[in-house]
Every structure is written in structure tokens, then in C-alpha cells.
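First comes the structure, then the notes that go with it.
The values are calculated or read from the model by the stated rules, or taken from the named source; none is laboratory data. All figures in this text were calculated on a predicted structure; none of them were measured in a lab. A quick note on method: Cβ atoms are made from the backbone with ideal geometry, for glycine too, and the neighbour counts reach across all protein chains shown.
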2 protein chains.
Amino acid sequence: MPSRPYHHGDLRRAVLDAAVAAITEHGAAGISLRDLARRAGVSHAAPVHHFGDKAGLLTALAAEGYEMLAAALTETRERTGDFVEAGVTYVRFALGHRAHFAVMFSPDLFHADDPAVSSARERTYDLLVSGARAVRGEPGIAEIAAWSLVHGFATLWLTGALPPGAADDPERSARAIARILTGS
Amino acid sequence: MPSRPYHHGDLRRAVLDAAVAAITEHGAAGISLRDLARRAGVSHAAPVHHFGDKAGLLTALAAEGYEMLAAALTETRERTGDFVEAGVTYVRFALGHRAHFAVMFSPDLFHADDPAVSSARERTYDLLVSGARAVRGEPGIAEIAAWSLVHGFATLWLTGALPPGAADDPERSARAIARILTGS
DNA sequence: CAGCGAATCTAGACACTGACAAGATTGCTG
DNA sequence: CAGCAATCTTGTCAGTGTCTAGATTCGCTG
């Protein structure tokens with residue numbers, strides 16, 4: 001049993017996990033394929049076989065992120081049926097999986113026309129706004145407003161742009177903000 | 001009169017302009033200092049003297065972006081005094097100066113602790129939310145909600161995440177969305 | 001169970017990048 | 001007009017993404 005077998009076993013998963021760690025540390029633009037290969041204990045060109053190129057790796061991460069977000073929104077919907085709580089789940093996902101979230105909304109970094117990403121993104125959107133009838137405003141606009149509100153809050157929080165006090169308890173702030181839309 | 005004098009004249013401005021063009025094309029993470037130097041017609045190391053390093057160049061762009069946004073918000077405020085129109089101005093700036101906007105909210109790419117950027121950002125925030133008393137909801141939350149809403153809409157529009165119909169007339173959509181907050 | 005094609009990984013190479021050092025040129029100030 | 005500081009050039013180095021050729025191993029077919 002050699003200490004490092006020729007075949008890794010699950011290099012694809014290992015590289016994806018290493019990418020999440022590296023992105024959380026240095027940002028989505030600050031990672032290098034060669035560093036990920038080193039973290040996974042393989043040669044510098046090994047990841048290419050699984051993802052094609054660097055953008056391919058980030059495409060896989062984006063698709064995985066949309067799948068995870070869709071699953072979280074589905075769970076929230078079945079458990080509470082509450083539109084406001086769906087927004088809170090969106091924010092919780094963004095803050096808890098910031099590497100995935102950062103890649104998902106950086107279309108310059110991955111193959112944005114990838115069908116797996118597109119379909120997963122559309123499904124996520126439908127889940128998020130399916131309860132938007134509770135939102136005031138003309139139809140078609142209320143859904144966009146709901147998504148914009150939670151997405152903007154999460155983005156501003158992640159970039160550190162919010163004033164000090166507002167960033168302390170993000171879930172509480174997110175819930176309070178989402179309630180404004182429903183008028184409750 | 002040599003065709004290319006030893007001193008450029010205003011290399012700093014030329015590099016910043018080249019950066020805006022390059023970022024608009026390839027995204028904030030896809031630019032290279034050497035390419036900007038080529039576009040400006042100078043040697044590959046010339047920009048370093050003006051900005052220190054790549055992050056320094058993007059820091060200058062971020063600061064310039066916050067100054068431009070603050071100026072636009074001030075103009076809107078003095079002309080209309082309307083809170084909703086301030087939000088529309090925010091969206092119009094993001095869509096019309098997407099290179100600046102992208103850098104402003106990518107703190108991983110520039111020196112986020114730069115004092116020039118920090119002060120310009122705080123001033124912009126004050127301008128944007130100064131009319132937020134018109135927004136429903138508890139104080140402190142309404143301001144965050146207002147900023148989150150317009151910022152989220154602009155970000156989603158720029159990343160191409162919005163469904164086809166919603167992205168057609170962004171200013172109209174932005175105005176309709178901002179009106180939801182004021183309850184009008 | 002043997003063998004063989006396909007999948008996986010390694011090793012080497014190339015052009016490109018950001019950063020640094022040393023020197024050339026020029027504007028500016030006393 | 002002398003000299004100093006700012007500006008720019010040239011050369012260099014390690015690191016990166018991607019491509020090619022070849023080595024190793026898996027898994028299926030007979």
C-alpha cells in the first residue's frame with residue numbers, strides 16, 4: 001500500500017472541497033488550480049482532466065451551489081410555508097456558504113451558458129419567489145423586489161459594506177427587512 | 001518630436017481609462033497590468049509607479065467610483081428631493097459604470113482598508129439613505145432595506161440572473177421596486 | 001481470469017503575469 | 001543652470017493556466 005496511490009479515489013470531490021476552502025480564504029478570483037492540486041496531493045495538471053479548465057471547475061462549484069440553495073429553500077418551504085422565512089434561508093445560505101455564493105454570482109469566472117447551471121438557477125428562482133403573492137406591488141415586479149432585497153442584503157453583508165451595527169445579527173436583520181415587503 | 005515621448009503626460013489617467021475598458025470587457029478579475037500598459041503605449045512596469053501594485057490600481061478605481069456615485073446622488077437629491085429617484089440613480093450608475101461598480105463591491109481585489117475608499121463609501125451611504133424616513137419599517141432597518149433593494153436589483157441585473165422580461169427596462173423596474181418600500 | 005481499451009494521473013514545456021531591481025530620461029526647483 | 005526627484009525602460013524571477021506525450025491503473029469483455 002503506497003503512501004500515495006496513483007489514482008486518488010475521488011479527486012473531483014477533493015478539488016471542489018479545496019476550492020471552497022481557498023475561495024473562503026482568498027476570494028473567488030484569488031485561487032489557483034496548481035494550489036488546489038497541491039492541497040489534494042496530486043500533480044499540477046491532474047484537476048484539468050475532471051473540469052477541463054479553471055472556468056470548468058468554477059462552473060461545477062456554481063451548479064453545486066444552486067443545487068444546495070434550491071434544497072435549502074425547498075426544506076424551508078415545506079417546513080414553514082412562509083415567504084419571509086424563505087428570504088431568511090436565502091441570506092443564511094449566502095453567509096454560510098460564501099464560497100459557493102460568490103462564484104454563483106460571478107458569471108465572468110465560469111461558463112455562464114452551462115445548461116446545468118442555467119436549469120439549477122431557474123429552479124432556485126421559482127422556489128424563492130413562489131410565495132411572492134404576499135408581496136405588495138404589481139405582479140412581476142414583486143418577485144424581482146423580493147429577490148433583490150435578500151440578495152442585496154446578503155451581498156452587502158459579505159462585502160463588508162454595511163455599517164457596523166447592522167451586521168451584528170444578520171438573520172434578525174434579514175427577517176425584519178423581508179417583513180417590510182409583506183407589509184406585516 | 002518623437003512619436004512616443006519618454007514621459008506620457010497623464011499615464012495615471014490613461015491606465016485608469018484602459019482599466020475601465022478592460023474590466024467592462026473581461027470582468028474585474030480578468031485584467032492584467034501588462035495589457036493596460038500596452039493599451040497606454042508604455043512599458044510593462046510603468047503603471048506600478050502610479051499605483052504601487054495591481055490592488056492599488058483597483059483601489060483608485062473603487063475610490064473614483066464612490067466619488068462619482070456620491071456626485072450623482074447629490075445631484076438627484078438637489079434636483080428632485082425624492083427618495084425613490086435616489087434609488088433609480090443608484091441603479092443607473094451601476095448599469096452605466098459597471099466597471100467601477102464591479103470593483104467597488106469586490107473588496108478581495110483592492111486594498112479595502114484604504115482611507116480614501118472608506119470615507120467615500122460612508123459619504124455615499126449617507127446620501128443614499130438620507131431620505132429613508134419615507135420607508136416603512138423600524139428605524140435602522142429601513143435604511144438597510146432601501147440600500148439592499150437597489151443594490152440587489154443592480155447586482156442581479158449585471159450578473160444576468162434576472163428573468164428575460166424583467167431586464168428589458170431596468171430604470172422602470174427599479175422605480176417600481178423602490179416604490180414598494182415607500183408604500184406609494 | 002486474462003487482456004485490453006478507457007479513464008486517470010504524471011512530467012515537461014510554453015507563453016503570460018505580477019513584482020522587483022537597476023539604470024536611463026526628463027521635469028522642476030532652488 | 002545644476003542637481004534632485006519623478007517618471008519611465010529594460011531585464012529578471014517565481015508562479016500560473018493550458019497543452020502534449022507518456023505512465024499507471026480501473027473495469028469491462030471475452
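Residues that are among the hydroxyl-bearing types (S, T, Y) and away from chain A (no Cβ under 14 Å) were ranked within segment B:47-74; the one that is farthest from DNA strand D (Cβ to nearest atom) is B:T74. For segment B:8-23, taking the residues that are within 13 Å of DNA strand C (Cβ to nearest atom) and assigned to a helix (DSSP H, G or I), the one that is nearest to the other protein chains (Cβ to nearest Cβ) is identified as B:I23.
Of the candidates B:P47, B:P5, the single residue that is within 12 Å of DNA strand C (Cβ to nearest atom) and either part of a loop (DSSP other than H, G, I, E, B) or touching a Lys or Arg at 6+ places or on another chain (Cβ under 8 Å) (or both) is B:P5. Mind checking whether some residue in segment B:117-125 is assigned to a helix (DSSP H, G or I), of a type in the set (V, I, T), at pLDDT below 90 and buried (at least 18 other Cβ atoms within 10 Å of the Cβ)? Checked segment B:117-125: no residue is assigned to a helix (DSSP H, G or I), of a type in the set (V, I, T), at pLDDT below 90 and buried (at least 18 other Cβ atoms within 10 Å of the Cβ).
So is B:A28 among the aliphatic types (A, V, I, L, M), within 22 Å of B:F101 (Cβ to Cβ) and more than 11 Å from DNA strand C (Cβ to nearest atom) or not? Yes, satisfied.
The residue list A:H26, A:H44 contains one member that is within 13 Å of DNA strand D (Cβ to nearest atom), free of Cβ contacts under 8 Å to residues at least 60 places away in the same chain and away from chain B (no Cβ under 14 Å), which is A:H44. Filtering segment A:122-145 to residues that are under 14 Å from A:R179 (Cβ atoms) and at the interface with another protein chain (Cβ under 7 Å from one of its Cβ atoms) leaves A:R136, A:A145. Among the residues of segment B:29-41, count how many are among the aliphatic types (A, V, I, L, M) and away from DNA strand D (no atom under 12 Å from the Cβ). Qualifying residue count, segment B:29-41: 1. Suppose the filter is within 14 Å of DNA strand D (Cβ to nearest atom), at pLDDT 95 or above, more than 26 Å from A:A167 (Cα to Cα) and surrounded by fewer than 16 Cβ atoms within 10 Å (Cβ to Cβ); does A:R4 pass it? No: the conditions fail for A:R4.
Scanning segment A:146-175 for residues that are closer than 26 Å to B:A166 by Cα, out of contact with any Ser or Thr (no Cβ under 9 Å at 6 or more places or on another chain) and at the interface with chain B (Cβ under 7 Å from one of its Cβ atoms) returns a single hit, A:W147. Looking at B:A146, is it without any contact (Cβ under 8 Å) to a residue 40 or more places away in the chain and either more than 17 Å from the chain's Cα centre (by Cα) or part of a helix (DSSP H, G or I) (or both)? Against the criterion (without any contact (Cβ under 8 Å) to a residue 40 or more places away in the chain and either more than 17 Å from the chain's Cα centre (by Cα) or part of a helix (DSSP H, G or I) (or both)), B:A146 does not qualify.
Residue check: B:L57 meets all listed conditions (1) more than 16 Å from DNA strand C (Cβ to nearest atom); (2) closer than 25 Å to A:T155 by Cβ but one, namely (1).
Of all residues in segment B:149-179, those satisfying the criterion of being part of a helix (DSSP H, G or I) and free of Cβ contacts under 8 Å to residues at least 24 places away in the same chain are B:G152, B:L156, B:P164, B:G165, B:A166, B:A167, B:R172, B:S173, B:A176. A count restricted to segment A:122-180 and to residues that are over 25 Å from A:A71 (Cβ atoms) and polar (S, T, N, Q) stands at 1.
Kindly indicate whether any position in segment B:84-93 is away from every other protein chain (no Cβ under 14 Å), part of a helix (DSSP H, G or I), farther than 29 Å from B:E25 by Cβ and of a type in the set (V, I, T). No: segment B:84-93 contains no residue that is away from every other protein chain (no Cβ under 14 Å), part of a helix (DSSP H, G or I), farther than 29 Å from B:E25 by Cβ and of a type in the set (V, I, T). Test A:E25 against the criterion of being surrounded by 18 or more Cβ atoms within 10 Å (Cβ to Cβ) and within 28 Å of A:T159 (Cα to Cα), and give yes or no. Criteria not met by A:E25. Residues of segment A:91-99 include none that is touching a Lys or Arg at 6+ places or on another chain (Cβ under 8 Å), of a type in the set (A, V, I, L, M), under 25 Å from A:G160 (Cβ atoms) and away from DNA strand C (no atom under 16 Å from the Cβ).
Against the criterion of being closer than 23 Å to B:L162 by Cβ and either away from chain B (no Cβ under 14 Å) or within 10 Å of DNA strand D (Cβ to nearest atom) (or both), A:T80 does not qualify.
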